[in-house]
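Undergrad: Before we start, here is the structure in question, set down as structure tokens.
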């Protein structure tokens, strides 16, 4: 029997250790797995490398994780948003590292890790500051740069509906990085708005099949 | 003295909207380009793409009716129009990078005469850099429209022989819409297609740091 439902957020993040790479779903405030982030803050895990599109804003979610001192490095495309004060403060102090990638290179690199591909060549960023120090190749007459895959010890994402096999649907644009990050985490943990009985999700509308998911917690 | 009346932001958005065609898939960048949506002739089916996984972005929701999950690239609440589709981020960037979008309307810091675009980083070292989807759009969309003021706040030209800020992508810009003019970039030359009421050619030249061709 397959049983991926976990009783608590704390249980669901077990196995995340100091120094690990953590993929965090969400774009802006849409699709951020806030409950799992809070559990990680409470566990006082340190030196995390987080891979996430933005660096949080305000006092919750990714911003709270950064503020708590859990993060050594951020891999992101757009860390500077309205209210991303905690990232900006630590960045200015020089106590947090930033690796900046074009957004499409970031999401495709995550997908590549999940797909077992050793990276890819892309024209995006070629010939710019972000293409510096990367392997270059001219393909069909166009300059490309090499992007290596980006996976992690754990991915945390949010979903709308889940079942005990880990099949997922999402809520409108909160889908964003979820499907790619679900593939790329050695352990993929999901916070779902609702867990439904197996069989209730129409196979035609399941966006992320349970094979990519290890743990599911329902948001009470 | 001239009786210059620069294009307002809405007029700039209208100038962009007039160049969009029925059936096009269009990405509107954050900031000023989002104003274009309201200027598109409602009889046309122009499908608006948002990098976070939406085709068919609709109008802003009425207050109180926001779906907290449903936002656009600028993190503002939106709605879906009839026919809209939702997809995940990697597919969204496949659309952008893979040449499936007809037009991207982007903001700009600088554009050079050969169509180089700089719109992600200035020389302000106090701010952490952020690029988002700018390079993906500039590299991948079939046509690149740039909407920006003609001069910076301190009066410096933003249309130049060479960009001084770090590039987003080289040789990609097709048309620039400013508060002073609509300019087409072709084969290393800048063709002035439309100018603001009361603006003289001499004044436009003095506020541009690259050669202009008047047609």
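Undergrad: In segment A:171-186, what count of residues is obtained for those that are more than 7 Å from every other protein chain (Cβ to nearest Cβ) and under 20 Å from residue A:78 (Cβ atoms)?
TA: 2
Here's the yes/no breakdown for (1) surrounded by fewer than 20 Cβ atoms within 10 Å (Cβ to Cβ); (2) over 14 Å from residue B:103 (Cα atoms); (3) under 18 Å from the mean Cα position of the chain (by Cα):
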position	(1), (2), (3)
B:9	yes, yes, yes
B:20	no, no, yes
B:28	no, no, yes
B:32	no, yes, yes
B:42	yes, yes, no
B:48	no, no, yes
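Undergrad: Shifting gears a bit: Looking for whichever is more than 12 Å from chain B (Cβ to nearest Cβ) and surrounded by fewer than 15 Cβ atoms within 10 Å (Cβ to Cβ) here; the options are A:132, A:142, A:194. Which one fits?
TA: A:194
Undergrad: Quick one: how many residues across segment A:114-129 are surrounded by fewer than 24 Cβ atoms within 10 Å (Cβ to Cβ) and either in contact with a strand residue (DSSP E or B) (Cβ under 9 Å, 6 or more places away or on another chain) or without any contact (Cβ under 8 Å) to a residue 24 or more places away in the chain (or both)?
TA: Number of matching residues: 10.
Undergrad: If residue B:64 satisfies every condition in (1) over 20 Å from the mean Cα position of the chain (by Cα); (2) more than 9 Å from every other protein chain (Cβ to nearest Cβ); (3) under 30 Å from residue B:161 (Cα atoms) but one, which is the exception?
TA: Every listed condition holds for residue B:64 apart from (3).
Undergrad: Looking only at segment A:53-70, which residues are buried (at least 22 other Cβ atoms within 10 Å of the Cβ), at negative phi and in contact with a helix residue (DSSP H, G or I) (Cβ under 6 Å, 6 or more places away or on another chain)?
TA: A:55, A:63, A:65, A:66
Undergrad: Here is a check on your reading of the model: is residue B:134 within 18 Å of residue A:130 (Cβ to Cβ), facing another protein chain (nearest Cβ under 8 Å), modelled with pLDDT of 95 or more and touching a strand residue (DSSP E or B) at 6+ places or on another chain (Cβ under 8 Å)?
TA: Yes; evaluated as a whole, the condition is true for this residue.
Undergrad: Test of understanding: among B:175, B:139, B:164, B:122, which residue is within 14 Å of the chain's Cα centre (by Cα), touching a residue at least 12 places away in the same chain (Cβ under 8 Å) and within 14 Å of another protein chain (Cβ to nearest Cβ)?
TA: B:139
Undergrad: Mind counting the residues in segment A:197-209 that are in contact (Cβ under 8 Å) with a residue 40 or more places away in the chain and loosely packed, with under 12 Cβ neighbours inside 10 Å?
TA: Number satisfying all stated conditions: 0.
Undergrad: Ok, one more. Could you tell me which of the residues B:109, B:93 is away from chain A (no Cβ under 12 Å) and free of Cβ contacts under 8 Å to residues at least 60 places away in the same chain?
TA: Answer to the selection: B:109.
Undergrad: Then there's this: I'd like the full set of residues that are more than 8 Å from chain B (Cβ to nearest Cβ) and touching a helix residue (DSSP H, G or I) at 6+ places or on another chain (Cβ under 6 Å), limited to segment A:96-107.
TA: A:96
Undergrad: Quick one: count up the residues across segment B:179-210 that are more than 12 Å from residue B:150 (Cα to Cα), assigned to a loop (DSSP other than H, G, I, E, B) and out of contact with any strand residue (DSSP E or B) (no Cβ under 8 Å at 6 or more places or on another chain).
TA: Here the count works out to 5.
Undergrad: Can you pull out every residue in segment B:170-194 that is closer than 14 Å to residue B:5 by Cα and surrounded by fewer than 21 Cβ atoms within 10 Å (Cβ to Cβ)?
TA: Listed by number, the residues that qualify are B:179, B:194.
Undergrad: Give B:48, B:71 a once-over and let me know the one that is facing chain A (nearest Cβ under 8 Å) and free of Cβ contacts under 8 Å to residues at least 60 places away in the same chain.
TA: B:71
Undergrad: OK, next. Which residue out of B:16, B:78 is away from chain A (no Cβ under 14 Å), in contact (Cβ under 8 Å) with a residue 12 or more places away in the chain, under 28 Å from residue B:99 (Cβ atoms) and surrounded by 13 or more Cβ atoms within 10 Å (Cβ to Cβ)?
TA: Exactly one residue qualifies, and that residue is B:16.
Undergrad: Which residue is farthest from the other protein chains (Cβ to nearest Cβ), if the candidates are limited to segment A:71-95 and must be surrounded by fewer than 22 Cβ atoms within 10 Å (Cβ to Cβ) and under 11 Å from residue A:48 (Cα atoms)?
TA: Step by step, filter segment A:71-95, then rank; the result is A:72.
Undergrad: Given the residues A:68, A:81, A:77, which is the only one that is modelled with pLDDT of 95 or more and either out of contact with any strand residue (DSSP E or B) (no Cβ under 9 Å at 6 or more places or on another chain) or over 25 Å from residue B:124 (Cβ atoms) (or both)?
TA: The match here is A:68.
The values are calculated or read from the model by the stated rules, or taken from the named source; none is laboratory data. Since this is a predicted model, take the numbers as computed values, not measurements. Positions of Cβ are generated from backbone atoms using ideal geometry, with glycine treated the same way; all protein chains shown enter the neighbour counts.
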